[in-house]
Amino acid sequence: PHYLMWFRRDLRVHDNTALAAICERANTDNAKLSAVFFLTPEQWQTHDMSLTQLDHIARTLPILAQKLQALNITLTVQICPSFTDCIAALSALCESNNISCVMANHEYEGNEIARDEQLTKQLAKTDIEFIRWHDQCILPPQTITTNDNSMYQVFTPFYKKWRHTLEVGDIQIHTAPAITNNEQINLISSEFSANTIQAIEALCKETVHDYQQYLQTHECYQYIDTDKQISQARTAYPAGEAEACHRLTQFISDDINHYDVSRDVPSLHATSHLSAYLTIGALSPRLCYLQATKALGELHRNDGDNFDSGDNNDINRWISELAWRDFYRHVLDYKPELIRHQAYKHETDKKINWSYDEDAFAAWREGKTGVPLVDAAMRCLNATGFMHNRLRMVTAMFLTKDLLIDWRWGERYFMQQLIDGDFASNNGGWQWSASTGTDSAPYFRIMNPFSQAKTHDSDGIFLKTWLPELEPIPASILHSEDKMRKALSKNGAFADIDYPIPMVEHKLARQLAIAEFKKE
Ligand code: FAD
């Protein structure tokens, strides 16, 4: 027999559930095993995948191919513009290579689910098995439920149950064995495919190049230097699972012990910067959890009987962030309508009169609102493809509360730029910020971007890194809306600086937003 591993958002060999399962089965059945990945540029366009993320995938694939070679498995990378094309291409691959079993890991978004369901039917016609495994979460969707078996509506009780389940359970890291019966086979496939490392590299580069050309015709990329953005992202995120695992180990040994206090300071490199790897599956979330709990265990040994696993705020806080990632995937699985742009709290779709002011949106996008923290964050995103978590909340709240612009516009823009763009986490984060989602905080708790800057960037280091024109202005002025207005006005002390005055008055905008949410 001949089996096929289909890689999607799981670009790694370590702890890859489907890969481990199919390797084991191939060895038991004395079967051959091949692997495939489809580059789907048209589908990614409709999903608003960012250039930095596509480039990250493209850089990861040759490394994955090399890793697979060590297991005696050849990876074929094939261009297949849309998911519909994938169905035909996969069926053709199975037919021409006599494949009787395909395995993959689950994806939880709408088009992905529809594709897999269609493919299951298609392959069943010729008795080909298509088996999917849960792999993206630490604990799979539908395993953490309330006593009456439904999904938790808010995070905290979900987290308690999630943590308890993990503490009493036993999570496994899967190891994929090398395939014994493989003279390495090249799949018979279409002309738009590659199966040597060099050919994969070339095909991936060409795909990135074409995608970049396509994006440059878009209005929302006109002010972005895409070459620079890619090169920043390449420096910040070297590709491959070895790099991701190394980064995880370093974070746990050097930084996790300051996480709780430093994670909200955007000028520090205090968070793990692992999201880009987790999003494309170059890193296993279970490995993250296990390494963090191992670090807790070591503290336990040092502290003896006095230790309680709830004691370490830093490590526990980081573990809870991993739980947020699971939470939003479980939410998406529970409410698939989220993929169709619906609000989690349906009533807000009817009630809130969102603004669609193109000019205001452009000012936000380009970092020209006159609110330093918002502008610095947006310019950082546009330049690097990454934004710090606190700033994602600040910029999202500014768009949805101060400008009252529909959260869906912001959600889409983040996907277009973020290297770690991920539907579930992004949608969850946006709806949380817009008070249309799963937050337990009331809608009137609106972040003031000036006081946020004062608390989390007190010396203005982050502000001045991304807004060098503000260098001469003291932080005490940058952190006050009134002082900024005065300083930048015609006769103000910094009137000659080329920087806009704040485009809205936060106090007033806040009242308007609250009134909008309050109305019957
Ligand atoms: P760390 O602080 O080191 O956290 C470790 C890991 O936990 C992260 O890598 C990530 O996988 C997960 N995580 C942390 N915070 C969250 C969170 N709030 N929700 C879900 N998972 C979390 N994260 C994405 O991965 N992709 C997105 O597209 C995305 N969009 C967001 C949009 C908004 C409006 C907001 C408020 C948050 C969004 N987040 C998103 C969550 C969070 O901002 C990033 O995961 C985090 O900034 C990544 O940095 P890090 O890897 O250093 O995180």
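All of the numbers you see were taken from the coordinates with simple rules; none came from a lab. Keep in mind that this is a model prediction, so the values were computed, not measured. In this analysis, Cβ positions are derived from the backbone assuming ideal geometry, glycine residues included, and neighbour counts consider all displayed protein chains.
Below, the figures for the structure above:
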| quantity | calculated |
| --- | --- |
| Where THR279 falls short, out of the listed (1) among the hydroxyl-bearing types (Ser, Thr, Tyr); (2) buried (at least 16 other Cβ atoms within 10 Å of the Cβ); (3) more than 21 Å from the chain's Cα centre (by Cα) | (3) |
| Pair list, Cβ < 6 Å and 6+ apart or interchain, from segment 224-244 residues that are of a type outside the set (D, E, K, R) to residues that are surrounded by 14 or more Cβ atoms within 10 Å (Cβ to Cβ) and not in a helix (DSSP H, G or I) | GLN229/GLY385; ALA233/GLY385; ALA233/ILE419; ALA244/ALA282; ALA244/LEU283 |
| Residues of segment 32-66 satisfying the condition of being surrounded by fewer than 19 Cβ atoms within 10 Å (Cβ to Cβ) and closer than 16 Å to LEU19 by Cα | GLN66 |
| Residue match in segment 74-82 (condition: surrounded by 23 or more Cβ atoms within 10 Å (Cβ to Cβ) and among the β-branched types (Val, Ile, Thr)) | yes |
| Complete set of residues in segment 441-480 that are surrounded by 13 or more Cβ atoms within 10 Å (Cβ to Cβ), of a type in the set (A, V, I, L, M) and either outside any helix (DSSP H, G or I) or touching a Pro at 6+ places or on another chain (Cβ under 8 Å) (or both) | ILE446, MET447, ALA453, LEU463, LEU467, LEU470, ILE473, LEU478 |
| Residue list for segment 493-520, restricted to those being outside any helix (DSSP H, G or I), closer than 27 Å to LYS350 by Cα and within 33 Å of the chain's Cα centre (by Cα) | VAL504, GLU505 |
| Checking TYR413 against (1) under 20 Å from PRO500 (Cβ atoms); (2) within 14 Å of the ligand (Cβ to nearest atom); (3) more than 15 Å from the chain's Cα centre (by Cα), the condition it does not meet | (3) |
| Segment 222-241, subset more than 19 Å from the chain's Cα centre (by Cα) and not hydroxyl-bearing (Ser, Thr, Tyr), residue surrounded by the most Cβ atoms within 10 Å (Cβ to Cβ) | ILE224 |
| Failed item in (1) of a type in the set (Val, Ile, Thr); (2) surrounded by fewer than 23 Cβ atoms within 10 Å (Cβ to Cβ); (3) over 16 Å from the mean Cα position of the chain (by Cα), with VAL374 passing the rest | (2) |
| ASP422 vs. criteria more than 18 Å from the chain's Cα centre (by Cα) and more than 16 Å from PRO372 (Cβ to Cβ) | no |
